[in-house]
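A.B. asks: My questions all concern the structure below.
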């Protein structure tokens, strides 16, 4: 999976915000907030990534088991897809 | 891990609070021009479109885009483009287009009277977060009495229609004056016609450039104003719960602390009502100007002893900007606000 280019991740006062760009404003009703892990994954999704690659990266960066990381990432990927954030 | 924010208010409060702690310029206003195609008597800024002195003072499109880039680095997230009338600038889209790729939440203030199909098409390609359209009456007679511009009511409605047709997020804002106060309900009906958000404001300030203002002929009397305010129970409750009386903080609205305004010539000011300190951003850069603004705000006086002693202070909108505009210095009471505050106290305390 790879992220859409029509969002920009902004960090304001510790809050990670995905702000829609250009015509994406019309399809996105507001700002999307991400937690620390989600923002980390969003950065990685600048390039095509598999769930396995993301799991390795997240488990290496945060104190979380591979199993838990994989399950969280799968859920997050579904959300990204549902909200039209993936290409 | 993520959520699409539906409680926008809560998120904004959180961002605002964090920005206040860090003195971050979260909200920036670019006053692209003081010129306007209308001639509202109560306007605090408007100059004629043909005013060459006003035009020659304006920053170029490239300068605005450069300042936006600098401001973003310092933490700007919300950017308001206002005037005068933003669409009198033929190069408006040379400013706007690059800004839409910066990851900002952009709002536009306009009368919509210059929003043609072509303008609306260009906006729809890169829509702003919202367009706030000022409304000055519910029919041509009243609207044009306020704006002093024949044909402006029809152009305004046509402009709104063009934006709405393209699904651009439009909010209607009625500016209430003595001339149109009787049409508030009918103006609300105009908003309902397109199912648009609607708000109304009647607290009018004088001109910020020292030129003669027609404000006295336009401002509502305190009783007229509060008759309108009382129709909004949320607002009444907000005043009842206001903590102004306990605060000696000078810019309690956080103007100058989380926000600033850059005027058409590039001078950074606290807000649209306070044309000071006027630090030239093109000369010193946004970062340095913001730092200097912080020093200005820190040094600004809090409420005067007279205001702090007033038993209606909780109900008062007094701030350094109002004092400056009406008294020429950043402290001291303002007669119009005093009358409103005492009227509020009388009405809202007796109703409890």
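The values are calculated or read from the model by the stated rules, or taken from the named source; none is laboratory data. Predicted model only: the values in this text are computed from it and were never measured. Glycine also receives a Cβ, built like all others from the backbone with ideal geometry; neighbour counts cover every protein chain displayed.
A.B. asks: Could you tell me whether the range B:169-191 includes any residue that is touching a residue at least 40 places away in the same chain (Cβ under 8 Å), over 16 Å from residue B:146 (Cα atoms) and assigned to a loop (DSSP other than H, G, I, E, B)?
C.D. replies: yes
A.B. asks: I've got another one for you. Out of the residues in the range A:1-13 that are assigned to a loop (DSSP other than H, G, I, E, B) and either modelled with pLDDT of 80 or more or within 26 Å of residue A:50 (Cβ to Cβ) (or both), state the one that is farthest from the other protein chains (Cβ to nearest Cβ).
C.D. replies: Going through the range A:1-13, the residues assigned to a loop (DSSP other than H, G, I, E, B) turn out to be A:1-2, A:4-6, A:13.
Add one more test, that the residue is either modelled with pLDDT of 80 or more or within 26 Å of residue A:50 (Cβ to Cβ) (or both), and what stays is A:1-2, A:4-6.
On the way: A:1: 14, A:2: 17, A:4: 13, A:5: 10, A:6: 10 Å.
Ranking the qualifying residues of the range A:1-13, first place goes to A:2.
A.B. asks: Here's another thing I want to ask about it. For the range B:298-325, give me each residue that is under 29 Å from residue B:237 (Cβ atoms), touching a strand residue (DSSP E or B) at 6+ places or on another chain (Cβ under 9 Å) and not in a helix (DSSP H, G or I).
C.D. replies: If the condition is that a residue be under 29 Å from residue B:237 (Cβ atoms), touching a strand residue (DSSP E or B) at 6+ places or on another chain (Cβ under 9 Å) and not in a helix (DSSP H, G or I), then B:319 is the only one that fits.
A.B. asks: While we're on this one: For residue A:23, all conditions in the list (1) within 9 Å of another protein chain (Cβ to nearest Cβ); (2) surrounded by fewer than 17 Cβ atoms within 10 Å (Cβ to Cβ); (3) at pLDDT 90 or above hold save one; what is the number of the exception?
C.D. replies: (3)
A.B. asks: Would you confirm, using the coordinates I've provided, whether residue A:75 is in a strand (DSSP E or B) and either modelled with pLDDT of 90 or more or within 12 Å of chain B (Cβ to nearest Cβ) (or both)?
C.D. replies: No.
A.B. asks: Between A:30, A:22, A:14, A:84, which is touching a helix residue (DSSP H, G or I) at 6+ places or on another chain (Cβ under 6 Å) and on the phi > 0 side of the Ramachandran plot?
C.D. replies: Answer to the check: A:30.
A.B. asks: So residue B:113 ticks every box in (1) out of contact with any helix residue (DSSP H, G or I) (no Cβ under 7 Å at 6 or more places or on another chain); (2) part of a loop (DSSP other than H, G, I, E, B) but one. Which box is left unticked?
C.D. replies: Here residue B:113 clears every test but (1).
A.B. asks: Restricting to strands (runs of 3 or more DSSP E) lying wholly in the range B:197-297: which have 3 or more residues that are buried (at least 18 other Cβ atoms within 10 Å of the Cβ)?
C.D. replies: By residue number, B:259-262, B:267-271, B:274-280.
A.B. asks: Another question, then. Of all residues in the range A:37-51, which are facing chain B (nearest Cβ under 8 Å) and closer than 23 Å to residue B:19 by Cβ?
C.D. replies: Applying the first criterion (facing chain B (nearest Cβ under 8 Å)) to the range A:37-51 yields A:37-38, A:41.
A:38 - this is the single residue of the range A:37-51 that is facing chain B (nearest Cβ under 8 Å) and closer than 23 Å to residue B:19 by Cβ.
A.B. asks: Out of the range A:14-45, which residues are touching a strand residue (DSSP E or B) at 6+ places or on another chain (Cβ under 9 Å), under 17 Å from residue B:102 (Cα atoms) and part of a loop (DSSP other than H, G, I, E, B)?
C.D. replies: A:21, A:28, A:30, A:31
A.B. asks: Still on this structure: Does the range B:101-123 hold any residues that are out of contact with any strand residue (DSSP E or B) (no Cβ under 6 Å at 6 or more places or on another chain) and either surrounded by fewer than 18 Cβ atoms within 10 Å (Cβ to Cβ) or modelled with pLDDT under 95 (or both), and which are they?
C.D. replies: Result: B:101, B:102, B:116, B:117, B:118, B:121, B:122.
A.B. asks: Still on this structure, I have one more. Could you please let me know if residue A:34 is more than 8 Å from chain B (Cβ to nearest Cβ), under 12 Å from residue A:7 (Cβ atoms) and surrounded by 14 or more Cβ atoms within 10 Å (Cβ to Cβ)?
C.D. replies: no
A.B. asks: Scan B:120, B:54, B:39 and give me the residue that is more than 11 Å from chain A (Cβ to nearest Cβ), more than 28 Å from residue A:32 (Cα to Cα) and assigned to a helix (DSSP H, G or I).
C.D. replies: When all the criteria are applied, what remains is B:54.
A.B. asks: Does the range A:55-64 contain at least one residue that is in contact with a helix residue (DSSP H, G or I) (Cβ under 8 Å, 6 or more places away or on another chain), closer than 30 Å to residue B:125 by Cβ and assigned to a loop (DSSP other than H, G, I, E, B)?
C.D. replies: So far as the range A:55-64 goes, no, none of its residues is in contact with a helix residue (DSSP H, G or I) (Cβ under 8 Å, 6 or more places away or on another chain), closer than 30 Å to residue B:125 by Cβ and assigned to a loop (DSSP other than H, G, I, E, B).
A.B. asks: Additional query: Considering B:137, B:148, B:83, which residue is surrounded by 20 or more Cβ atoms within 10 Å (Cβ to Cβ), over 23 Å from residue B:290 (Cα atoms) and either away from chain A (no Cβ under 14 Å) or in contact (Cβ under 8 Å) with a residue 60 or more places away in the chain (or both)? Steps first, please.
C.D. replies: Numbers: B:148 fails: surrounded by 20 or more Cβ atoms within 10 Å (Cβ to Cβ); B:83 fails: over 23 Å from residue B:290 (Cα atoms).
B:137 is the lone residue from the list that is surrounded by 20 or more Cβ atoms within 10 Å (Cβ to Cβ), over 23 Å from residue B:290 (Cα atoms) and either away from chain A (no Cβ under 14 Å) or in contact (Cβ under 8 Å) with a residue 60 or more places away in the chain (or both).
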